[in-house]
Amino acid sequence: MTVEELTNILDSLLILPAETEVVEFKRAERNFDDRDLGQYFSALSNEANLKGRPCAWLVFGVENHTHEVVGSQYKNSRPALDAMKKKIADQTTGRHTFVEIHELRYRNGKRVVMFEIPPAPQGIPIDYQGHYYGRDGESLQALSMDKIERIRNQAKLKDWSAEIIENASLEDLDPAAIVKARELYTNARKDKADEIASWDDTTFLNKAKITIRGKITNTAIVLLGREESEHLISPAVAKIKWILRGPDNVERDYMIASCPFILAVDKIYDKIRNLKYRYINPEYKTLFPEEIDTYEPYVIREALNNAIAHQDYTLGGQINVVEYDDKLVFSNKGSFIPGNIERVLVSEAQEERYRNQFLVTAMVGLKMVDTIGSGIRKMYNYQRQRLFPLPDYNLADNRVEVTITGKILDMNYANILAGNADLNLLDIELLNRVQLGKPLSDEEIARLRSKRLIEGRKPKIYIAKHKDKKLHFGSQSGGISYALGEEIINCGGVVYGCVFDVNKGTRHERVTNIDELKNTRGSKYVQSTLGDIYKQVYEDLKKQKVLFTGTPCQIEGVYRFLEEKKGSTYNLYTADIICHGVPSPLILKEFISYIERKNNCCIKSLNLRDKRYAPEIVTTIDLGNNKEIICNYYTELFYSNICLRECCGNCKFTTINRKSDITMGDVTGVDNKYNDLIDLTNPPSILIVRSEKGCNLVEQSRIDKHEISISEFDQPNLHVSSTISPQREKFWNDYMQKGFDYILKKYTSAGGVLIKLKRKILQKMHKW
């Protein structure tokens, strides 16, 4: 929305005589509790649905009774506000969240934060942390049972799968599919086999609840329709795509299957490589490995058939099955009707409503699926019996995505399952989230700890910096990595860190003394090459302490390598960064070559974030002979996300619960009450410490720190992956066809008059 549009909306809200069920004002001059925000979101969303409003509004920076605009400094940065959208989504039905969080500088100059809240979807009341909220005038309260039922009854109004296609006939159905349907139906009712065999096709299809009084339904086309009959359900789509991806995430093979889905299921199933997996199951207390299929066949079929049954066909789009070396990912369009997976695991009663009731009834009758509750619980139990991770549900972006892992990821998790056969599914699900590094609430952590299923502490979070001011200034943030490395080296250990050299590129090096450690300082804005570094770490750990610093995925690589080698992690300390994503090293290499060509010299050094110009991100380049220039083209490309690796847009490490002992990052979105601790011209770091080992290392290192709570700061990449630019593919095509100079002019400020003027001013201010 434009400033004018937002101002007009706010004006219309301010003239209201009082708050309403869909409008709430809060002063929130500095802070507002996340839990209260979630409750208001649930309440306003539900009330907007009941009142038929396109949205509801929660406004910060306005006094409730007088409607005076007083201003708010709540989450005073765009990344912090964007991160809040994900925080709310993580704890609401179907990951429902704000349409947008708007910042408006009102007529009096005061900043106002306007939360645009969508109405609850038809038939689905919105909860927050498992509770439904509503409004009684201006008051926040639990959503009444009457209102809950009014919303739920909305779902009974229409069932796409039961709609009749008037111009369709039996000729539009696939004869082989009908034969298959008869076979499945008969197998489920063997005592009536002779009677079923006597039915003609029309009778059978009516009895199986696939057609209605001989009329062809959308269900009939989806399950039994000829491939050429798919157009009858247009604009809906009946397609399932199977994709095989290699370890590098590159697509190796694919197949697209259309209707009839009753036959397509077998085609997709046959494509999946269900290889043998050998492991020692601690539950059986044997030294001999067990050999099993990577995936339980029931789990594959149930996950695929669930995607068919619960796809929102009105949205278009296909069902996807993506196969990796050790996991399968199934996805379909549409929200998850039960709201969240915990509700399915706890409830013993089957779900009362489905998006495609007629289709689900038909598939249950054919024994293609169990009811949603029993089928999901059965998948969970199969994975639990194997000691494998449970099915991992992602309910974001109005779709359901479930990941089935085909191996043990964490032996600690497996040992707990092996030794606690009586654990209920909800406890196992919480443990599963721990091993996957997903966030848990304080209540969930307390639940697991009370049952002695987990130990240790919640991550401690600090604003931190190196005690030596010179070393602090010489680093890009707080100098924390250098301080940790100092302590390890002083104890006789070694450090593995990222080093940048204009000639040799960015790489990890083994560091054994303080002089070498200085080379690891500074922001790199590119992922390092590793070579045989993991092998060196493995050998060093046998005799001394090792600190390994890097990106979260590099940390994961260290642990996986050591696990495969059965190496000890006793002496290992790990520290990762809050990573924005990593671009191709090729672009940085091209940038260096470009600067050298333009200046007819060899670059002496490159500082991608020169602290002399903080808080601005400024790249300075030393050309030698006391000549230095500013050129930000590379960082412009970096922060536009146009040259990030594609996998960075779906990073599984964007969570506070990581495997590393320590996480470091820039100070972003920290509460204003800490302004006296934060000098933006020489900023500290955010320091997250999650293990006893990490805590001890931090305490022994030369670090000044001040503890804060997780609610007092925001770093978006702790919660959500960077969004890859939609121009990425075009960018790379342009680069391959027209070269680096062309993409600089097209995708950066290269040659811009204002930018050149700004550089000249900066140079004059700093007298060089």
Completion exercise
Under the 7 Å Cα-to-Cβ spin-label approximation, Cys491 and Ile148 lie apart by a distance in nanometres of 5.2
Practice task
Determine the distance separating the Cα centre of region 370-433 from the Cα centre of region 21-82; give it in Å without decimals.
Solution key: 36
Fill in the blank from the handout: Net charge (Lys, Arg +1; Asp, Glu -1) of residues whose beta-carbon lies under 13 Å from that of Ser144, Ser144 excluded, is -1
Completion exercise
Amide H contacts under 5 Å for Asn320, restricted to residues at least 5 apart in sequence or on another chain and with H modeled in the peptide plane, are Lys241, Ser331
Handout entry: Environment charge at Ile292 (Cβ cut-off 10 Å; Lys +1, Arg +1, Asp -1, Glu -1)
Key = -1
Problem - Whole-number percent relative contact order across the chain, with pairs defined as alpha carbons under 8 Å at least 6 apart - result: 10
Exercise for the section: On a C-alpha basis, how far is the centre of region 248-266 from the centre of region 102-147 in Å? Whole number, if you could? Expected result: 41
Problem - Label point distance in nm, Arg507-Asp741, each placed 7 Å from Cα along Cα→Cβ - result: 3.1
Fill in the blank from the handout: Taking alpha-carbon centroids only, region 564-630 lies from region 491-535 a number of Å equal to 12
Problem - Relative contact order (%) - region 548-589, alpha-carbon pairs under 8 angstrom, separation at least six - result: 53
Handout entry: Which listed pairs, of Lys209/Lys271; Lys207/Lys239; Lys86/Lys652; Lys504/Lys589; Lys460/Lys659; Lys504/Lys604, have C-alpha distances above 18 Å, in listed order
Key = Lys209/Lys271; Lys207/Lys239
Handout entry: Contact order normalised by residue count of region 3-156, Cα under 8 Å, 6+ apart, percent
Key = 28
Handout entry: Gyration tensor verdict on region 3-156 (Cα atoms; rounded if a/c is under 1.5, prolate if a/b is larger than b/c, oblate otherwise)
Key = prolate
Practice task
Kindly express, to the nearest 10 degrees and within the range 0 to 90, the angle between helix 480-490's C-alpha long axis and the longest C-alpha principal axis of the chain.
Solution key: 70
Problem - Once the Cα gyration tensor of region 160-233 is diagonalised, semi-axes √(5λ) in Å - result: 22, 12, 10
Handout entry: In degrees, nearest ten, helix 753-765 long axis to first principal axis of the chain (Cα)
Key = 40
Handout entry: Environment charge of Thr202, counting only residues whose C-beta is closer than 12 Å and scoring Lys/Arg +1, Asp/Glu -1
Key = +1
Problem - Cα→Cβ-extended label distance, 7 Å offset, between Lys378 and Tyr393, nm - result: 1.7
Practice task
Grab the Cα-Cα distance for Asn206 and Leu184, subtract it from 0.36 nm times how many residues apart they are, and report the gain in nm with one decimal.
Solution key: 6.4 nm
Fill in the blank from the handout: Rounded to a whole number, the Stokes-Einstein D of the chain in µm²/s (Kirkwood radius over Cα pairs; 25 °C; 0.890 mPa s) is 83
Practice task
Mind pulling the angle between the C-alpha long axis of helix 34-50 and the longest principal axis of the chain? Nearest 10 degrees, somewhere in 0 to 90.
Solution key: 40
Handout entry: Added length on full extension, which subtracts the Cα-Cα distance from 0.36 nm per residue, Glu251 to Asp422
Key = 57.4 nm
Problem - Computed [θ] at 222 nm, deg cm²/dmol, the chain (DSSP H ≥ 4; -39,500 (n - 2.57); rounded to nearest 500) - result: -10500 deg cm²/dmol
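Any read-out appearing in this document is the output of simple, stated calculations on the displayed coordinates, not a laboratory observation. Predicted, not measured: the structure shown is a model, and the values here were computed from it. So basically every Cβ, Gly included, is an ideal-geometry build from the backbone, and we count neighbours across all protein chains shown.
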